[in-house]
Amino acid sequence: VTLAVHNYEEFNSLWIDSAGILKHVGKAKKGLPSRLCKIAFTGIAVYSPDFLDFLPEGNSSVVDAWLKAMASGRKIGTVDFSGCLWTDIGTPTAYASAVFEALKKNGETIYIHPSADCGKAEIEGYAALESGCVIGPGAYLKNCVLLPDTRVTAGIRIKDAIVGPDYLIRLEKSAKTAPAHISENMAEGFFQRPFNELECALIGAGGSDRKYYRLNNQGKSAVLMVCSSDDPDYERHIAHTEFFRRHSLPVPEMFATDKVRSQALFEDLGDLSLYSWLKCRREPAIIESMYRKALDILVRLHTSVSRNIAECPLLVCRLFDYEHLRWETGYFVERFVAGLIGMPIDNELK
């Protein structure tokens, strides 16, 4: 018997010696040699035919057979595959998390099969729509996996679920991921609730150490930006937001700031980007209308708003000139092309 194993802290329950021989399964117990290594079973193994003799009649765990084989003097070896891609999908929540994590690694939030019909629905968060899915007009999906040929009734709202043609499985909510030094008074002032009653989820990280959290309570939500104390872009972000709002550019409203902690609370405009919105099949006229709205905003930014740029000194000193263009493209090449995609980069492009 040879087990494929790896180091996965959450599931480490096999105790092996320096030669990779299995010695114990489960929690530590008295008498175990101190030099044993704790590791996890991947679910993959090679068994010789005579191992089947150790399986009891009826339902059982393969661990029972391992223990019987070991008690009879048989050795159970292991091969360590630590570092290889492996995902636990033993529960619906784990399966959905694996799907969402795969999207995230590819820089995506939404996967929509070309045959899916979702042009009149609203989709937020992470979502995967498989072949043949039909989402009725006005339906709302957030953090959902829709399996092939699923139909969602018009106007229905579904969050945190795996949905099939005739069933729906709710996903377990993850634990809070609140930062250690959050400005609780700022959040409590907006929600009028103690902070420990708020749902908090990390939704993204920006440049430097900047992080963004979605705070939610009973349908009311806001986005908390947390910057490091030495992040010069914190003050710029605040100043730029105030300036753009003053000139009617559609940036998120700023509800509150905590300049001591370099934090700010913003209006939550959702997760859906224009890029993801375009993944649903839509009428050409609707797509054109959306692009016209985006172009109108850009025109306003570069005309009426730019004419008043002197009102915002922190913006004046950050004009997007050649130097900043080179920095932005270099950052893109380093972090996305080389970092995320893993594409080798010619030195001339750095």
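The values are calculated or read from the model by the stated rules, or taken from the named source; none is laboratory data. Everything quoted here is computed from the prediction, not taken from an experiment. Heads up, the Cβs are rebuilt from the backbone with ideal geometry, glycines too, and the neighbour counts pull from every protein chain shown.
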Residues of segment 30-53 satisfying the condition of being outside any loop (DSSP other than H, G, I, E, B), touching a residue at least 24 places away in the same chain (Cβ under 8 Å) and crowded, with 16+ Cβ neighbours inside 10 Å = I39, A40, F41, T42, A45, F51
What residue, among those in segment 119-159 that are charged (D, E, K, R) and at pLDDT 95 or above, is surrounded by the most Cβ atoms within 10 Å (Cβ to Cβ)?
-> E130
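Pick out, from segment 207-323, the helices (runs of 4 or more DSSP H) lying fully within it that include 1 or more residues that are surrounded by fewer than 17 Cβ atoms within 10 Å (Cβ to Cβ) and of a type in the set (G, A, S). Let's see the steps before the verdict.
Values: elements: 233-246, 274-277, 284-300, 313-316.
Helices (runs of 4 or more DSSP H) meeting the threshold: 233-246, 284-300.
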Check on E188, part of a helix (DSSP H, G or I) and in contact with a helix residue (DSSP H, G or I) (Cβ under 9 Å, 6 or more places away or on another chain) = yes
Screening I110, I76, I89 for residues that are over 26 Å from the mean Cα position of the chain (by Cα) and either outside the structural domain of N12 (by TED's automatic domain parsing) or not aromatic (F, W, Y) (or both) leaves only I76
Within segment 118-136, considering residues that are of a type in the set (D, E) and assigned to a strand (DSSP E or B), the one farthest from I156 (Cα to Cα) | E124
Does segment 82-103 include one or more residues that are farther than 30 Å from V5 by Cα and touching a strand residue (DSSP E or B) at 6+ places or on another chain (Cβ under 6 Å)?
-> no
Could you run through segment 140-154 and say how many residues are touching an Asp or Glu at 6+ places or on another chain (Cβ under 7 Å) and among the hydroxyl-bearing types (S, T, Y)?
-> 1
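Conditions (1) touching a strand residue (DSSP E or B) at 6+ places or on another chain (Cβ under 6 Å); (2) of a type in the set (A, V, I, L, M, F, W, C); (3) within 30 Å of P114 (Cα to Cα), marked per residue:
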{"site": "W277", "(1), (2), (3)": "no, yes, yes"}
{"site": "E288", "(1), (2), (3)": "no, no, yes"}
{"site": "K293", "(1), (2), (3)": "no, no, yes"}
{"site": "H302", "(1), (2), (3)": "no, no, no"}
{"site": "A310", "(1), (2), (3)": "no, yes, no"}
{"site": "R326", "(1), (2), (3)": "no, no, no"}
{"site": "T329", "(1), (2), (3)": "no, no, no"}
{"site": "A338", "(1), (2), (3)": "no, yes, yes"}
Scan of segment 90-117 for residues that are under 12 Å from S276 (Cα atoms) and in a loop (DSSP other than H, G, I, E, B), ordered by number = G107, E108, T109
